[in-house]
């Protein structure tokens, strides 16, 4: 079965630094991979999508990389702010209609 | 824009009681719809997805069922709740032009 691993330990960084979150997966390569942000008690919100033939995607302070050989995606937030504190989830998309999520990594950005 | 409405927002139910969680979609037609469950501190577990009226695919054998009686309505049900059914239930829709999921605000279920 599909296994998606994200660091379960919270990531604590100082404001202004770059946060890097990791998503590793096993068993098969997805059509594409997505990253979502989830605040406590709320539904996740879509951030970025990267396809299997793309190496890197950027959106403002966010950057996602996708290495299908390593079966890994990295999610970067540059110039992090306390408002970036949240849980970040990666999702693998299979057959373009099945979305499987990792357990998420909690990011704490300290002022 | 697409919006998902879920209710109730919070539910406390005794073991053995029935369950009905409802999800409706606005702003798009014939979307793929999903039910996820999130246990405390855990990721989202895909329970059911639907590509159209009356079409339900189950991901995990369990005590729950889903139905899609209308294009924009998706219902999660149980005849008899178990303690292990407690969790945060999220309904999501697929926006086909971008391939992203948009989520409702969730329904928190506590089974006592």
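Radius of gyration over Kirkwood radius for region B:51-92, both on Cα atoms: the Rg/Rh ratio is 0.97. The C-alpha atoms of chain B occupy a region whose extents along the principal axes are 41, 28, 22 Å, arranged from largest to smallest.
Here the relative contact order of chain B, from alpha carbon pairs under 8 Å that lie six or more residues apart, stands at 36 percent. When its C-alpha radius of gyration is set against 2.2 N^0.38 Å (N residues), region B:1-60 gives a value of 1.28. Structural descriptor for region B:70-112: relative contact order 41 percent, calculated from alpha carbon pairs under 8 angstrom and at least 6 residues apart.
As an equivalent ellipsoid, region A:1-66 spans semi-axes of 21, 16, 13 angstrom, where each value is the square root of five times an eigenvalue of the C-alpha gyration tensor, largest first. Answer rounded, prolate or oblate for chain A, using the Cα gyration tensor with square roots of eigenvalues a ≥ b ≥ c: rounded when a/c is under 1.5, else prolate when a/b is larger than b/c, else oblate. Taking the square roots of the gyration eigenvalues as a ≥ b ≥ c, chain A is prolate. With bins 5 Å wide beginning at 0, the percent of Cα pairs of the protein assembly as shown falling in each bin runs 1, 7, 15, 18, 19, 16, 12, 7, 3, 1, 0.
Net length available on complete extension from residue B:108 to residue B:55 is 16.5 nm, with 0.36 nm assigned per residue and the Cα-Cα distance removed. Label zone (residue B:40, point 7 Å along Cα-to-C-beta; backbone nitrogen cut-off 20 Å) within region A:1-21: A:8-10.
The mean sequence separation of alpha-carbon pairs under 8 Å and at least six residues apart, normalised by the residue count of chain A, gives a relative contact order of 37 percent.
Across all directions, the shadow cast by the convex hull of region B:64-112 built on its C-alpha atoms averages 4.2 square nanometres. Neighbouring Cβ atoms from other chains, within 10 Å of the Cβ of residues in A:100-109, number 3 on average.
Values quoted throughout were computed directly from the atomic coordinates according to the rules given, and no laboratory measurement underlies them. If you're wondering where the values come from, they're calculated on a predicted model, not measured in any experiment. Cβ atoms come from the backbone with ideal geometry, glycine included; neighbour counts cover every protein chain shown.
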